[in-house]
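The structure appears below as structure tokens.
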Amino acid sequence: MRPLSLRRYLLLGILLPVLALIALNGVSLYRQALRAANTAYDRTLLASAKVIGEQLDVDGYDEQARLRATVPYSALEAFEADTRSRLFYRVSDLRGELVSGFEELPFWRGRLPQQPPYAALVDFYDARFRDEDVRVAVLLQPVASDDGRGMAVVQVAETLELRRSLARQVLLDTLWRQALLVAVIAGVVIVVVQRGTRPVRRLSSELQARPENDLTPIQAPDAPRELLPLVDATNQVMARLARLLDNQKRFVRDTAHQLRTPLAVLKTQVQSALRGDVEPRPALQEIGATVDRATQLANQMLSLAKVEQLRQQADAQVTDLAEVARAVALELSPLMAEQDLDFEIDTRPAPMRAHEWMLRELTRNLLHNAIRHGPRGGRLAVRLVVDGGWLALTISDSGPGIAAELRERLFQPFAAGDGRSGSGLGLLICQEIAHALGGNLVLDNRERHRHVEGLDATVRLPLATMETDGQAED
């Protein structure tokens, strides 16, 4: 199913409750109008009953009283509102014996209300007469004459066509006005939504008309306040996409540029070996060295691309950097033994939210650089210190350090301190990982009496908070 448009959603959300309220209000209004009509026309019924009561005569007293009625039907025509309603009457004594009127009209068997609405002994009720709904007024009329005294029961029934017609007319008049109100609401919603979504449609048209590689921020100065978070979020996504595309372009450009040289050298070496210009063993050694450099370059360029990929992911788990550092040191222990290094490691538990691969790559590159640039038989130390919400991983060697003019250039792509070895990407990878984890990497010469004793590579990274730890455990 296609999702509802904003205009249709608002129309349904507003008009459905309004229509339901109008329906309930219509039922209530019809009942109120019918009660009002009953109240008005009940007065007519009571007046009719009183007119009939005034035409009664009696002979005898109390139980021996005999009532007489001379009421022509024409006397009731004045109380008929129009031809749509008809009146019927019945005059009886208290025992229910018919005196005058319609005999088939059932005799009243009810009770008078304790607080009648009129100053008379009167009761009103609904009944069926001749297969029609009628409203009946009952009047207990005392009758007195020179020859007797008694009590008459006067019943006057009226059909309900006029009352119901009046109630329906009131209801229809009200519904027409409410229907006009609903139409006005619907029109206002359509116009307001049309005007309110105009910036959205304009933004959509602008985005569709953009070239494929245009990831510049969206400019929407006239957008409603509610759309600004969406515009800001879209601009952030486009900025991330632009950065990813730039990294991809840089990766392809650097790969094409950097791999061309070792491949050309490799081809020259192979051709030289085939011609017999070099002995087979030295030729194979040179080819192996060239392949190793090309492999290292390709691996580090892939690692640099993977850092950017992991930067965009938010599913990193809490990892203890101390365990990672010890595991990496164990992996590189053969290289340390080959260099006869005096190795020392001192760590503290340092939980942080990061991908384990990034921590391993960071530690491995720094340790590998320290092993490669340190002197044979020198010292190599790894210290992990926790201070507040931060940790500091320091890898210290006893090498020659770095010159001031080379310090910043080492963090640029393919800028190696020793042009004969390395690809110039190791420190860049470490710096990118540190920035991706919210930290930084600093290289400082360790001096004593103005003499450089070695290099300290220090990485400061934020620790995982207690809330982060709790979420990870859950």
Cβ-Cβ below 8 Å, separation at least six or inter-chain, first residue in the stretch 325-344 and of a type in the set (D, E, K, R), second loosely packed, with under 11 Cβ neighbours inside 10 Å: which pairs?
ASP340/ARG376; ASP340/GLY377; ASP342/GLY377
If you take the residues in the stretch 219-239 that are in a helix (DSSP H, G or I), charged (D, E, K, R) and modelled with pLDDT under 80, which one is most open to solvent (accessible area, probe 1.4 Å)?
ARG225
Given the condition at pLDDT 90 or above and not in a helix (DSSP H, G or I), answer yes or no: does some residue in the stretch 311-324 qualify?
yes
For LEU12, state whether it is open to solvent by 50 Å² or more (accessible area, probe 1.4 Å), of a type outside the set (S, T, N, Q) and at pLDDT 80 or above.
yes
Somewhere in the stretch 436-454, is a residue modelled with pLDDT of 70 or more and assigned to a helix (DSSP H, G or I)?
yes
Within the stretch 56-96, the residues that are closer than 20 Å to ARG130 by Cα and either at pLDDT 75 or above or in contact with a Gly (Cβ under 7 Å, 6 or more places away or on another chain) (or both) are ARG86, LEU87, PHE88, TYR89, ARG90, VAL91, SER92, GLY96
Let me spell it out: the conditions are (1) open to solvent by less than 40 Å² (accessible area, probe 1.4 Å); (2) under 60 Å from the mean Cα position of the chain (by Cα); (3) not hydroxyl-bearing (Ser, Thr, Tyr), and LEU181 meets all of them except one. Which number is the exception?
(1)
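I need the full set of residues from the stretch 368-404 which are touching a Pro at 6+ places or on another chain (Cβ under 7 Å), within 16 Å of GLN339 (Cα to Cα) and in a strand (DSSP E or B), in order please.
Answer for the stretch 368-404, where residues must be touching a Pro at 6+ places or on another chain (Cβ under 7 Å), within 16 Å of GLN339 (Cα to Cα) and in a strand (DSSP E or B): there is none.
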Quick one: what pairs do we get from the stretch 199-225, first residue under 18 Å from LEU241 (Cβ atoms), second part of a loop (DSSP other than H, G, I, E, B) and open to solvent by less than 80 Å² (accessible area, probe 1.4 Å), C-beta under 7 Å, 6+ apart or different chains?
LEU203/ILE218; LEU203/ALA220
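The values are calculated or read from the model by the stated rules, or taken from the named source; none is laboratory data. Being a predicted model, the structure only gives us computed values, none of them experimental. Virtual Cβ from ideal backbone geometry, glycine too; neighbours counted across all protein chains shown. The area values use the complete protein model at the heavy-atom level, side chains included, leaving out ligands, DNA and RNA. Shrake-Rupley method; radii C 1.70, N 1.55, O 1.52, S 1.80 Å.
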